[in-house]
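Peer 1: Structure provided below as C-alpha cells; questions to follow.
Derivation of every value follows stated rules applied to the coordinates shown; laboratory data play no part. Nothing here was measured: the structure is a model prediction, and the numbers come from that model. Cβ placement follows ideal geometry from the backbone for every residue including glycine, while neighbour counts extend to all protein chains displayed.
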Amino acid sequence: MAKKIKVLIADDSALMRRVLKDIITSDRRLEVVGAARDGQDLIDKAKEMKPDVITLDINMPRMDGMTALGILMKESIAPVIMVSSLTQQGAEVTMQALELGAFDYVAKPGGTVTADMSSVSQDMIRKIKAAASSGVLERLRSRPSRQKPAPRRAASPRPERVRKIAPKPTSSPNHANAFKAVAIGISTGGPKTIFNVLPQLPADLGAAVFIVQHLPPSFTASFASRLNQACAMPCFEAKSGMTVEPGTIYLGQGGRHLNLRRKANGEVVIRTPTRPTHTFMPSVDVMMESVLESFGQDTIGVIMTGMGDDGAKAMAMIHEAGGLTIAESEESAVVWGMPGAAVALNAVQIEAPSWEIAEQIIKALA
C-alpha cells in the first residue's frame, strides 16, 4: 500500500477540527497526524510532525493564519490549503494568502464555523492530494515575486520552447478584427502565478485580454480589483453588456461563463450566461471557444497552472484555427494538469515558464 499523506489541521474551533478530521480520514490515502488551535501551536507542531500538507484557518488567536502562513512558506515546511469563508472579507484575506504562497483554498459553505462541509469534502480531498505531489512546495516558493508594471520594451532574445507544430491557418470570421485577443485559462496556483504575467503587459497592448481563474462568485470582484491595482492595463470583472476594447483585461465572473458576441457593426460585447452547465463556472473551454468564435486566428490562447483539463480542447481549436497557443511549462507550473492536458493533445506551440509568458505574448503581437 502506498505511503499515506500526512495532514496537520489548524483551526481554533473544536467543531471544525473534528469536521475536517472526519473528511480527511474518509479517504484511505490520507491521515491526520495532529491538530493545532492557533498559529503558534501550528508552527510548533509542524516543525515536529513534518506533515505533507497543512490545512489552515485564517482567524486564530495568539498568531493568526496569515502570520503563520508567512513562516510556513519562509521555512518551506509544507504546502498549505487555506480554509476560509465565502464572505467578502474572507475573499480579500484568501486572495492575500494565495499570493503569499498558499497552494489553494477550500471555502466553508456555511460561514466561519460550520458542521456542513459535505459539499466541499471531495474538493478538499482532491486538493490535499494535489498539494502533496512531488515538487509543489519548491515551485510555490521558487517563482519570482510580483514585479511592478513594466512599459513595453523590445523582447530580449531567449531560446524559445517551441513545439514542432506547423500553424494551421483557416478562414477567419467574416470580418476584419481591429485588434487581437488573448485568452488565458488558469486555476490552482493561479492567483500568485498570474502576477508574473499580467503586470508585465503594457498599457498599449494591441489586444483585449480575457482571463478565467477558477474562483467562487464572491472572490472574483476582489481579485479583479487586485489585478487592476497591479497592472498597467485596467482590469474589470466581466459584466454582461460591456464593450470589449484593446488594452483592457476582463476577468470571468465567478458563477457565470465569460462569453463574447460580435454585433453586425463589428463591435464585440461581453455576455455572462450560466449555460452550458459545466464543472467550472466560469469555464476556460467555454471562454476560449467564444473568444475564438469572435476573433478567429487573431486569438492567442494561454493555458497555465491548474488541476484537470479545462481549456485543453479549446486550445486545440485555437491551434486548428491558426491562432497561437502558449502553455506554462512544467518547470514553473504549480500543477501541470491543465497545461499538460493541452500538450498531450498536441495543441501547444510554445511552452514557457510563467515569468516568460508576457514576453511571448508581446512578441506575438508585435
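Peer 1: For each pair in Lys74/Lys363; Lys263/Lys313; Lys3/Lys313; Lys4/Lys313; Lys192/Lys263, compute the distance between the two Cα atoms and list the pairs where it is over 29 Å.
Peer 2: Lys74/Lys363; Lys3/Lys313; Lys4/Lys313; Lys192/Lys263
Peer 1: Simple spin-label model, 7 Å along Cα-to-Cβ: Thr67 to Lys50 in nm?
Peer 2: Between Thr67 and Lys50, the simple spin-label model gives 2.8 nm.
Peer 1: With the cut-off at 21 Å, report for region 259-366 the share of all Cα pairs above it, as a whole percent.
Peer 2: Across region 259-366, Cα pairs with separations above 21 Å total 36 percent.
Peer 1: Could you check the simple spin-label distance between Thr243 and Lys313, using points 7 Å along Cα→Cβ, in nm with one decimal?
Peer 2: Computed distance between label sites Thr243 and Lys313 equals 3.5 nm.
Peer 1: Please give the contour-minus-distance gain from Val120 to Asn346: 0.36 nm per residue of separation, less the Cα-Cα distance, rounded to one decimal in nm.
Peer 2: Fully extending the segment from Val120 to Asn346 adds 78.0 nm.
Peer 1: In whole Å, largest first, what are the principal axis extents of the Cα atoms in the chain?
Peer 2: Computed over the Cα atoms, the extents are 62, 42, 40 Å.
Peer 1: Please quote Rg/Rh for region 1-101 to two decimal places, taking the Kirkwood radius as Rh and restricting both calculations to Cα atoms.
Peer 2: Rounded to two decimals, Rg over Rh is 0.95.
Peer 1: A further question on this structure: How big is D, in µm² s⁻¹, for region 217-267 by Stokes-Einstein at 25 °C and 0.890 mPa s if Rh is the Kirkwood radius over C-alpha pairs?
Peer 2: Estimated via Stokes-Einstein, D reaches 208 µm²/s.
Peer 1: So what's the net charge close to Met63: Lys and Arg +1, Asp and Glu -1, counting the other residues with Cβ under 13 Å from its Cβ? Don't skip to the answer; put the middle values down first.
Peer 2: Working: positive: Arg37, Lys45, Arg62; negative: Asp12, Asp38, Asp41, Asp44, Asp57, Asp64.
Within the 13 Å Cβ shell, the charges total -3.
Peer 1: Then there is this: Let's test this: bin the Cα-Cα distances of region 161-365 at 10 Å from zero up to the farthest pair and state each bin's percent.
Peer 2: Final binned percentages: 10, 40, 40, 10, 0.
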